[in-house]
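Worksheet: the structure to be examined is printed underneath.
The values are calculated or read from the model by the stated rules, or taken from the named source; none is laboratory data. Here the structure is a predicted model, which means the values were calculated and not measured. Cβ atoms come from the backbone with ideal geometry, glycine included; neighbour counts cover every protein chain shown. Please note that ligands, DNA and RNA were not included when accessible areas were found on the heavy atoms of the full protein model with its side chains. Shrake-Rupley method; radii C 1.70, N 1.55, O 1.52, S 1.80 Å.
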Amino acid sequence: MAREETGQLKVAVGIEPLWGALVKDLGSLLVTIIPELVTEAETLQGDGGFGTVYLFKFGPGVPNMSYQKEEVVELDETLHRIGLQVIEGGRLGLGFSFYKNSFKLTAIGDSETLVDLTVNYVTECQETNVPPGESVKSGVAFIQSLETYLLKQGPNLIN
C-alpha cells in the first residue's frame, strides 16, 4: 500500500549552510550529529549530487536495522530540494518495498529556513511495525540535530 506522510519545521539556520550540510556533507556529518544512531557513514559513489549512494551503519539506538544504503534520486539546487531513497537494507527489511525521504528548504530571511519533509513509502502488507507519523518524526529529529550542530559551529557558518 502506497503512503505519504508530511511534516514541516522552522530552523534557526540560513538556507545555504543547511543545504550544504544536507547535500555536500551528509555522509561525513551523520556520525558526528547522531552518533547514537549512525556509527559509520560512507559515500559509496558520487559527491553528494544526483546518483550519490551512501552506506549508513546503525548502532543499538536503531532497533531491527544494522545498515541502510540510500541513493540521491532527486536533486534540485535551485529549489533546494533533495530526495533520498533507500535501495538496500534498513526499512526495506521491515515490510517496506519502497521508502524515500524528500527535503525542501525555503529561506525565511537570512538566518531561518523552513524545511518541508515528505516521506513516501510502499508497504508489502496493510500493517507495518512503524506507527503512522514515525517516519516523519525521525526526519524532523534528524533536521533538528543538524540545526543544533550548525548552531554550535558559530555565526559565520549559519548565515
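Summary table
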read-out: Rounded, prolate or oblate (a/c below 1.5 giving rounded, otherwise prolate when a/b exceeds b/c) for region 81-128 by Cα gyration tensor; value: prolate
read-out: Per-selection Kirkwood Rh - region 28-99 (Cα, Å, 1 d.p.); value: 12.7 Å
read-out: Calculated [θ] (222 nm, deg cm²/dmol) that DSSP helices of n ≥ 4 give over the chain, each run adding -39,500 (n - 2.57); value: -7500 deg cm²/dmol
read-out: Per-residue HN-Hα couplings for region 11-25 [Karplus 6.51, -1.76, 1.60; θ = phi - 60°; Hz; x = Gly/Pro]; value: 10, 8, 9, x, 5, 5, x, 5, 4, x, 5, 6, 9, 7, 10
read-out: 0 to 90° range, to nearest 10: angle between helix 134-152 axis and the chain longest Cα axis; value: 30 degrees
read-out: Sequence-distant residues sharing a close amide H with T39 (under 5 Å, placed H); value: K57, F58, G59
read-out: Amide hydrogen neighbours beyond the local backbone of V13, cut-off 5 Å, H modeled; value: T113
read-out: Solvent exposure, largest accessible area first (probe 1.4 Å, DNA, RNA and ligands not counted), of K24, K104; value: K24, K104
read-out: Gained length - K24 relative to S145, 0.36 nm times residue gap less alpha-carbon distance; value: 41.9 nm
read-out: Only Lys, Arg (+1) and Asp, Glu (-1) charged, at Cβ; the chain dipole about Cα centre in debye; value: 200 debye
read-out: Phi to ³J(HN,Hα) by Karplus 6.51 cos²θ - 1.76 cosθ + 1.60 over region 90-98, Hz, x for Gly, Pro; value: x, 4, 5, x, 10, x, 9, 9, 8
read-out: Average projection area in nm² (convex hull over Cα atoms of the chain, one quarter of hull surface); value: 8.5 nm²
read-out: Length-normalised contact order of the chain in % [C-alpha pairs under 8 Å, at least 6 apart]; value: 29 percent
read-out: Long-range amide H partners of E88 with built H, under 5 Å; value: K69
read-out: Karplus-derived 3J(HN,Hα), 6.51/-1.76/1.60, for each residue of region 48-59, Hz, glycine and proline x; value: x, x, 3, x, 4, 10, 10, 10, 10, 9, 9, x
read-out: Solvent-accessible heavy-atom area per residue, rounded to whole Å², over region 18-96 at 1.4 Å; value: 46 Å²
read-out: Solvent-accessible area, 1.4 Å probe, carbon plus sulfur percent, for region 25-99; value: 51 percent
